[in-house]
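Trainee: I have a structure here, written as structure tokens, and I will follow up with some questions on it.
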Amino acid sequence: MAGLIPITVAHGDGIGPEIMEATLFILKEAGARIEPQEVTIGEKLYLQGVTQGITQEAWDSIKSTKVFLKAPITTPQGGGYRSLNVTVREALGLYANVRPCLSYAPFVPTLHPSMNLVIVRENEEDLYSGIEYQQTKDVCESVKLISRQGCERIVRFAFEYARHCGRKKVTCMTKDNIMKKTDGLFHSIFDQLSRDYSDIVAEHWIVDIGAAKLAVQPENFDVVVLPNLYGDILSDVTAQLSGSVGISGAMNIGAEAAMFEAIHGSAPRHAGKNTANPSGLLQSAIYMLVYLGQIETANVVQNAWLKTLESGKHTKDIFRDGQSKAMLGTKEFARAVARHLGEAPASLKGADYRASFKPQRVVSEASAGVKQLNGVDVYFELAGNWQEFIARLQNINISGLRLTAVFNRGAQVWPQQLGAGDYINHWRCRFESNGSFASQDQILDLLNILHQHGYEFFKAENLFSFTA
Ligand code: NAD
């Protein structure tokens, strides 16, 4: 039919098919101008040995529609399977994960009746890069990657989004007292870019105390911008604080494409029981309508949903004796929302979507300045005595490249022994250049000599300093 916008739809796993069916039913009844192209992703494919959990046909559809409405999928735990959610976000460049969490009190019980905040989660970096190694029999490593470009895009997005929505404050949370380089970069970019937005209050909390404040007084927060992992955890917390993890939707936004999904997962224990709340996916579908410019339909659906909550027709997760009027199944809840289409809520604030928010493409220049090689950290698993090992390393000197420190799991062992002596077999030995710059050749010579001494390293990480 003319005027319909093609979108890609995946019904997902667990409760996914039920909540997607409910959501599409409401959208159809509301006259949303969409043309769903259905694709299969997730568990069925994983179980058939497709380790990425997605077929080429599904990719083709997503890449042509550039709009993906996705029900949750089950990610098999353990090795061999990459999270499809992470793959899709990375492949489509969906760098911003926007998760509004607000209260619908008194109709949805919550301890925080005035909370109304938006989590803006960075979506492509941090520990989600999936770069992990098993380094020794006993030690695994996960790489946390944070780039200046990634920080600039998400922080700029958070401020622009706040301005677009008339929000007054952006809070950043990091753990830069510990992760001085990675989280430190995120924090410093936040401080720097906040100066361009004098109309918006900017604040920063260390994530542990920030999370505690968020959990106790979410009403004090407005827009919260976070690196990937903290954003993932805290958006589940805030969704649950607003009444149920089942009522919050999310949009994953990039410069060219967008994916819309509920915050929650596939809740396999509830699958096939017609008890799941479709509201989170419905919310994300409403955000999709706004993104597609179907603002009026988005407002109509949102108002019908609010009216349904007000009328006390609730799914099991938000049903409360004495307060709710009827406990509805997933299907019945969807029919109730459809019956309320065209109505407005009496006491909850009605829908007020105006224009879609499309982020500007942020082009970050590569940093200028001088990069200087100062030395190398070499990592070992030892067969023999560690004191003897350190003594032998002290005698190595390659044109001024010398041992300056030895660490075990972060604790310094030499020249000062700061650890308690309860060491695991994971040694990091720092070699630094005495005075002048180090060279790649010196480092290769060093590694060769270590090898000749019978010490096998499992990793070498060059040490650089940068000047502007
Ligand atoms: P989950 O969010 O699926 O469920 C946790 C609990 O929250 C459920 O047991 C249920 O009590 C409640 N819940 C969640 N959604 C609900 C709804 N719509 N209505 C009512 N109650 C609801 O978290 P989990 O059990 O940790 O994860 C299950 C699977 O989902 C895992 O394989 C995980 O990897 C995957 N997952 C997928 C996504 C996604 O596709 N975007 C996101 C998170 C988790």
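The values are calculated or read from the model by the stated rules, or taken from the named source; none is laboratory data. If you're wondering where the values come from, they're calculated on a predicted model, not measured in any experiment. Here Cβ is always computed from backbone atoms with ideal geometry, including for glycine, and neighbour counts include all displayed protein chains. Accessible surface is based on the protein model in full, side chains and every heavy atom, while ligands, DNA and RNA are left aside. Shrake-Rupley method; radii C 1.70, N 1.55, O 1.52, S 1.80 Å.
Trainee: For q = 0.12, 0.13, 0.18, 0.22 Å⁻¹, what log10 I(q)/I(0) does region 246-381 give under the Debye formula with an equal point scatterer on each alpha carbon and no solvent?
Mentor: Rounded to two decimals, the profile gives -0.59, -0.65, -1.06, -1.34.
Trainee: Compute the signed sum of charges (Lys and Arg +1, Asp and Glu -1) over the other residues within less than 11 Å, Cβ to Cβ, of F107.
Mentor: Once positives and negatives cancel, what remains is +3.
Trainee: When we measure straight from the Cα of K273, which aspartates and glutamates land under 15 angstrom away, once same-chain ones fewer than 8 places off are left out?
Mentor: Those aspartates and glutamates meeting the cut-off are D13, E18, E21, D317, E332.
Trainee: While we're here: Using a 1.4 angstrom probe and counting only protein chains, how large is the accessible area of D321 in Å², to 10?
Mentor: 140 Å²
Trainee: Mind giving me the nanometre distance, one decimal, between the label points for V362 and A420, set 7 Å out from Cα along Cα→Cβ?
Mentor: Modelled inter-label distance: 4.2 nm.
Trainee: Find the accessible area per residue for region 116-233; the probe is 1.4 Å, ligands and nucleic acids are left out, and the unit is Å².
Mentor: For region 116-233, the per-residue accessible area is 45 Å².
Trainee: Further question: What's the FRET efficiency of A383 with Q440 using the Cβ-Cβ distance as r and R₀ = 25 Å, to the nearest 0.05?
Mentor: According to the calculation, E is roughly 0.30.
Trainee: Additional query: Taking 0.36 nm per intervening residue step and subtracting the Cα-Cα distance, what contour gain separates R269 from Q135 on full extension? Present the calculation step by step, with values, prior to reporting the outcome.
Mentor: Values: separation 134, 0.36 × 134 = 48.24 nm, distance 3.58 nm.
Working it through step by step, the gained length comes to 44.7 nm.
Trainee: Can you give the helix-only mean residue ellipticity at 222 nm for the chain, where every DSSP H stretch with n ≥ 4 adds -39500 (n - 2.57) and the sum goes over all residues, rounded to the nearest 500 deg cm²/dmol?
Mentor: Calculated at 222 nm, the ellipticity per residue is -10000 deg cm²/dmol.
Trainee: I'd like the Kirkwood hydrodynamic radius of the chain, using the inverse of the mean 1/r over distinct C-alpha pairs, in Å. List each step's numbers first, then the result.
Mentor: Values: mean 1/r = 0.0404 Å⁻¹.
Mean inverse Cα-Cα distance, inverted, gives 24.8 Å.
Trainee: Moving on to the next point. What aspartates and glutamates does K213 reach when the alpha-carbon gap must be under 20 Å and sequence neighbours fewer than 8 apart in one chain are set aside?
Mentor: Cα-Cα hits under 20 Å: D176, D183, E203, D222, D232, D236.
Trainee: Using modelled backbone amide H atoms (1.01 Å from N, in-plane), which distant-in-sequence or interchain residues come within less than 5 Å of V201's amide H?
Mentor: K169, V170
Trainee: So, one more: Can you give me the distance in nm between label points at S188 and Q452, each placed 7 Å from the Cα along the Cα-to-Cβ direction?
Mentor: With each label placed 7 Å out from Cα toward Cβ, I get 4.0 nm.
Trainee: Let me ask something else about it. Quick check on the chain: of the DSSP beta bridges with both residues there, what percent are antiparallel, nearest 5%? Mind dumping the intermediate values first?
Mentor: Numbers: 48 of 75 bridges.
Percent antiparallel among DSSP bridges in the chain is about 65.
Trainee: Right, another one. How many percent of Cα pairs in region 1-121 exceed 24 Å?
Mentor: Numbers: 2952 of 7260 pairs.
The answer is 41 percent, as a whole percent.
Trainee: I need the calculated FRET efficiency for the pair R195 and Q372, taking r as the beta carbon distance and R₀ as 35 Å, to the nearest 0.05.
Mentor: 0.75
Trainee: Then there is this: Please quote Rg/Rh for region 370-467 to two decimal places, taking the Kirkwood radius as Rh and restricting both calculations to Cα atoms.
Mentor: Computed over Cα atoms, the ratio is 0.96.
Trainee: Still on this structure: Would you mind counting up the charge near A215? Only other residues with Cβ under 13 Å from its Cβ, with Lys and Arg at +1 and Asp and Glu at -1.
Mentor: Around A215, the surrounding residues sum to -2.
Trainee: To the nearest 0.05, how large is the calculated FRET efficiency for R148 and E21 if R₀ is 41 Å and r is the Cβ-Cβ distance?
Mentor: For R148 and E21, the calculated efficiency is 0.40.
Trainee: When the Cα centres of region 196-211 and region 343-395 are compared, how far apart do they sit, in Å?
Mentor: So the separation of the two Cα centres works out to 19 Å.
Trainee: Let me ask something else about it. Out of residues 5 or more away from N374 or on other chains, whose amide H comes under 5 Å of its own, with H placed 1.01 Å from N in the peptide plane?
Mentor: A438, L463, F464, S465
Trainee: Give me, ordered by chain and number, the residues 5 or more places off L401 or on other chains with an amide H under 5 Å from its own placed amide H.
Mentor: Those lying under 5 Å, H to H, from L401 are N434.
Trainee: OK, next. Could you put S244, S356 in order of accessible surface area, largest first, with the 1.4 Å probe and the full protein assembly present?
Mentor: Numbers: S244 10, S356 40 Å².
Ranking S244, S356 by accessible area, largest first, yields S356, S244.
Trainee: Hey, another quick one. Assign unit charges at the C-beta atoms only (+1 for Lys and Arg, -1 for Asp and Glu), then state the dipole size of the chain relative to its Cα centre in Debye, rounded to the nearest 20.
Mentor: Details: 45 positive and 49 negative charges, 195 e Å.
So the dipole magnitude of the chain works out to roughly 940 debye.
Trainee: Diagonalise the Cα gyration tensor of region 116-233 and give the resulting equivalent ellipsoid semi-axes, square root of 5 times each eigenvalue, largest first, whole Å.
Mentor: Listed largest to smallest, the semi-axes of region 116-233 are 27, 15, 12 Å.
Trainee: Karplus couplings for region 260-277 from phi (6.51 cos²θ - 1.76 cosθ + 1.60, θ = phi - 60°), rounded to Hz, Gly and Pro as x?
Mentor: In residue order, the calculated couplings are 10, 8, 6, 6, 6, x, 7, 5, x, 5, 9, 5, x, 9, 6, 10, 5, 7 Hz.
Trainee: Continuing with the same structure: Whole-Hz ³J(HN,Hα) for each residue in region 347-362, computed from phi via Karplus 6.51 cos²θ - 1.76 cosθ + 1.60 with θ = phi - 60°, x for glycine and proline: what do you get?
Mentor: Karplus-based 3J(HN,Hα) across region 347-362 equals 10, 5, 5, x, 5, 9, 6, 10, 9, 6, 9, 10, x, 6, 5, 9 Hz.
Trainee: I've got another one for you. Could you please state how large a percent of the accessible area of region 116-233 is carbon and sulfur, counting protein chains only and using a 1.4 Å probe?
Mentor: 53 percent
Trainee: At what distance in nm do the modelled label points of R33 and F464 sit from each other, each positioned 7 Å from its Cα along Cα→Cβ?
Mentor: That separation, rounded to one decimal, is 5.0 nm.
Trainee: Would you list, by chain and number, the lysines whose Cα falls below 24 Å from the Cα of K144, excluding same-chain residues fewer than 8 positions away?
Mentor: Within the straight-line cut-off, K144 pairs with K175, K180, K181, K371, K459.
Trainee: In what sequence, largest accessible area first, do E261, E256, E43 appear using a 1.4 Å probe?
Mentor: Largest accessible area first, the list is E256, E43, E261.
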